[in-house]
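The values are calculated or read from the model by the stated rules, or taken from the named source; none is laboratory data. Being a predicted model, the structure only gives us computed values, none of them experimental. Neighbour counts run over all protein chains shown; Cβ positions are idealised from the backbone, glycine included. With ligands, DNA and RNA removed, areas are computed over all heavy atoms of the protein, side chains included. Shrake-Rupley method; radii C 1.70, N 1.55, O 1.52, S 1.80 Å.
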Amino acid sequence: MSNKLEVLSEHRCFEGMQRFYKHDSSAIGLPMRFSVYIPPAAAADPNVKVPVLFYLAGLTCTEETFMIKGGAQQWAARHGIMLVTPDTSPRGANVPGEDDGWDFGTGAGFYLDATQEPWSKHYRMESYVADELFRIATTELPGDATRAGIFGHSMGGHGALVLAQRHKDKYRSVSAFAPISSPTKCPWGHKAFSGYLGDDKKQWEQYDASLLMEKSQCPFPGGILVDQGMADNFLAEQLYPEAFEAACKAAGQPLTLRRHEGYDHGYYFISTFMEDHMAFHAKQLKA
């Protein structure tokens, strides 16, 4: 399928441009949507290349959620960074059962490449994000392939921590909000991995950020930033930040894990600390 980009809408924002795109994805085999914030310098001159930061959203979200709720554009404009956000799964794959639950199937692609039928035909979010969308953002759009970072929330935090480690040649910086840090331990992960990857636990381990980190040796010397709300109702059962913290310690990986009293799992929490994450990535991508 071709990658011809269709602009669905565009909106001037903090002197830059907020756009929403649709295209036929070769990785997914279906039309996909994504959103982009182009900072002022690149919006004024399409030949200007700027650092690019990919954001992976959580369960039930779309390519619009972060751009509407995250409050990131003002900081992206200030730091001169392009933001790119994909959808969270294929749409219209017509897989039986894909709309039966909110935590598996539509809106819940888990940023992996499924190996089990019938999911394996279209549910290829790792290839989409790390290969196809990365290429589009750095060739057809003004992202600089040598200055790319990734971050995300919840399921997308899992995706960011995993894809950053599985594609270290592409991402120079990584951070997360309330990530699913050890999906092999939690109900969300068990459901997704058994459905998409089957019963082979060795395959599961390839998409567990904590287990990947345990086998590493400081893959991100500039550090990793994770923010976690302590009033998050998913914290105890689903997220396991302490597992990632222990893995980073074992790997000699610098980690700043901030625990915030009173904050929950939603975008009020995310938007509160967005300025910090944007500055964290800017420091590494613009070094």
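Details
- Members of the range 149-170 that are surrounded by 24 or more Cβ atoms within 10 Å (Cβ to Cβ) and either over 14 Å from the mean Cα position of the chain (by Cα) or not in a helix (DSSP H, G or I) (or both): GLY149, ILE150, PHE151, GLY152, HIS153, SER154
- Residue list for the range 196-210, restricted to those being surrounded by fewer than 20 Cβ atoms within 10 Å (Cβ to Cβ) and not polar (S, T, N, Q): GLY198, ASP199, ASP200, LYS201, LYS202, GLU205
- Residue in the range 241-269 that is most open to solvent (accessible area, probe 1.4 Å), counting only those that are over 24 Å from LYS185 (Cα atoms) and assigned to a helix (DSSP H, G or I): TYR268
- Residue match in the range 182-194 (condition: assigned to a loop (DSSP other than H, G, I, E, B), open to solvent by less than 10 Å² (accessible area, probe 1.4 Å), in contact with a helix residue (DSSP H, G or I) (Cβ under 6 Å, 6 or more places away or on another chain) and of a type outside the set (Asp, Glu)): yes
- Scan of the range 223-233 for residues that are buried (at least 17 other Cβ atoms within 10 Å of the Cβ) and assigned to a loop (DSSP other than H, G, I, E, B), ordered by number: GLY223, ASP232
- Restricting SER2, SER26 to those that are modelled with pLDDT of 95 or more and of a type in the set (Gly, Ala, Ser) reduces the list to SER26.
- Pairs with Cβ under 8 Å, 6+ apart, first in the range 261-287 and hydrophobic (A, V, I, L, M, F, W, C), second open to solvent by 70 Å² or more (accessible area, probe 1.4 Å): PHE269/TYR263; ILE270/LYS69; MET278/ARG78; LEU285/ARG172
- Among (1) farther than 23 Å from LYS168 by Cα; (2) open to solvent by less than 50 Å² (accessible area, probe 1.4 Å), the one test that ALA236 misses: (2)
- Condition broken by GLU117, with the remaining ones in (1) more than 23 Å from VAL48 (Cα to Cα); (2) touching a residue at least 40 places away in the same chain (Cβ under 8 Å); (3) not β-branched (Val, Ile, Thr) satisfied: (2)
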